[in-house]
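First the structure, in the form of structure tokens, and then the observations on it.
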Amino acid sequence: MTQPNKIAPPRWLKPMNKVFVALQRLGFRLGGMYLLTVPGRKSGQPRTTPISLMNFEGGRYVVGGFPGADWVRNARAAGTGTLSCGRRAEHVRLTELSEEDARPVLRAFPAEIPTGVSMMKDAGLVRTGSPEEFEALAGRCAVFRFDPVD
């Protein structure tokens, strides 16, 4: 019996994420890379992952590039977290967008985060990386908006 193709991040991503986290914590800014820290949904311990923050129509967003990713499940459970870049940190509320609200953000993703396109192509989520393909990921890939917590 054959297993269906599982969408999974490349094997090199987890070790590279550890390098990105270490460099960010040392104060290095890495392009548009930010760190998102949320409590783990089971342990409650802080879990940090690098993300590509996307500015779109006056808001700040992140697209969960791999359905079922642990950081996405932790973010859903927590609802708040810390967004940091270099030595600056900000407490934020994470709001997951509805499928309908996510469509325009996903459609803009290829132009706003071109480095994410090749990774999602390699994972098999999209074939050409067109805005239409990304828009079609609504409901499959989580999209979160970040708002400051007062």
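The values are calculated or read from the model by the stated rules, or taken from the named source; none is laboratory data. Computed from a predicted model, the values in this text were never measured in an experiment. Here the Cβ is made from the backbone with ideal geometry for all residues, glycine too, and neighbour counts use every protein chain on show.
Here is how the numbers come out for the structure above:
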item: Only one of Arg103, Arg88, Arg140, Arg107 that is free of Cβ contacts under 8 Å to residues at least 40 places away in the same chain and closer than 24 Å to Thr37 by Cα; result: Arg88
item: Residue in segment 1-34 that is modelled with the highest pLDDT, counting only those that are among the polar types (S, T, N, Q) and either crowded, with 17+ Cβ neighbours inside 10 Å or assigned to a helix (DSSP H, G or I) (or both); result: Gln24
item: Selected residue (only one of Gly44, Gly40, Gly58 is loosely packed, with under 13 Cβ neighbours inside 10 Å, modelled with pLDDT of 90 or more and closer than 18 Å to Glu96 by Cα); result: Gly58
item: Filter result (part of a helix (DSSP H, G or I) and not small (Gly, Ala, Ser)) within segment 56-96; result: Asp70, Trp71, Val72, Arg73, Asn74, Arg76
item: Number of the exception - Leu97 against (1) within 21 Å of Gly32 (Cα to Cα); (2) within 15 Å of the chain's Cα centre (by Cα); (3) modelled with pLDDT of 95 or more; result: (1)
item: Scope segment 112-150; condition aliphatic (A, V, I, L, M), assigned to a helix (DSSP H, G or I) and modelled with pLDDT of 95 or more; matching residues; result: none
item: Selection status of Thr37, touching a Gly at 6+ places or on another chain (Cβ under 9 Å), polar (S, T, N, Q) and either without any contact (Cβ under 8 Å) to a residue 24 or more places away in the chain or not in a helix (DSSP H, G or I) (or both); result: yes
item: Among the residues listed as Gly44, Gly58, Gly79, the single one being among the small types (Gly, Ala, Ser), free of Cβ contacts under 8 Å to residues at least 12 places away in the same chain and within 19 Å of Val149 (Cα to Cα); result: Gly58
item: Flag for Glu57 being of a type outside the set (Lys, Arg) and closer than 17 Å to Ala138 by Cα; result: no
item: Condition broken by Ala111, with the remaining ones in (1) buried (at least 19 other Cβ atoms within 10 Å of the Cβ); (2) out of contact with any Leu (no Cβ under 8 Å at 6 or more places or on another chain); (3) not polar (S, T, N, Q) satisfied; result: (1)
